[in-house]
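*Asks:* The structure follows.
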Amino acid sequence: MALEIERKFLVVGDIYKSLAVRTRRIMQGYLSSEPARTVRVRLTDEADDTCRAFITIKSANRGATRSEFEYEIPFDDGLAIYHMCERRVKKVRHIVPWGDVIWEVDEFLDALDGLVIAEVELEREEQPLKSLPPFIGREVTNDPRYYNSVLATLEVPPLS
């Protein structure tokens, strides 16, 4: 079983843009978003101008940890599934190496414009973050308002 151990933070400022080594657009649609599980389709554009699609199933969070199963699917299938979804999120992801970890900084688009969240995946939940980048604000790891599946239902970003 695959585990995702992730911490989330609100972002202050935009210095992350100059620190990013890669940027890509992401569109996510949610087929199911229940407390016990989330099922989503993700469409991405890659640095080499290819487009990819993934189906992802995630369990409920237990702290910063949850089960995650992700599988690549044909892009055309992913696009068709995305259009079946009523709840969607669009964002630009910036990949920012900092210290010994890689940060994923998501700038949300459309109704969530102005919301920026940084995520970092860890090897274990108690793993210390030795150094936080200068763009890191308040931690929102355990705040369900900042789950992408919840954000996909909102018409305005949550208050920081």
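Read the figures in this text as sums done on the coordinates, not as results from a lab. Because the structure is predicted, anything quoted here is derived from the model rather than measured. As a convention, Cβ positions derive from the backbone with ideal geometry for all residues, glycine included, and neighbour counts pool all protein chains shown.
*Asks:* Are there any trypsin sites (Lys or Arg not before Pro) in segment 53-160 that are in a DSSP loop and have at most 13 other Cβ atoms within 10 Å? List them by number.
*Replies:* 124, 130
*Asks:* In addition: Which of the following values of semi-axes √(5λ) of the Cα gyration tensor in Å was calculated from the structure shown: (1) 35, 19, 15; (2) 25, 17, 15; (3) 23, 18, 17?
*Replies:* (3)
*Asks:* If one takes the longest principal axis of the Cα atoms in the chain, at what angle in degrees, from 0 to 90 and to the nearest 10, does the Cα axis of helix 75-84 lie?
*Replies:* It is inclined by approximately 80 degrees.
*Asks:* Here is a further query. So if a site counts as exposed when it's one of the GluC sites (Glu not before Pro), its DSSP state isn't H, G, I, E or B, and it has at most 16 other Cβ atoms within 10 Å, what's the longest stretch of the chain without one? All intermediate terms of the calculation are to be shown ahead of the outcome.
*Replies:* Numbers: sites that count: 46, 86, 123, 125, 126, 155.
In short, 1-45.
*Asks:* Suppose only helical runs count, i.e. DSSP H with n ≥ 4. What mean residue ellipticity at 222 nm does that imply for the chain under -39500 (n - 2.57) per run, divided by all residues and rounded to the nearest 500 deg cm²/dmol?
*Replies:* -2500 deg cm²/dmol
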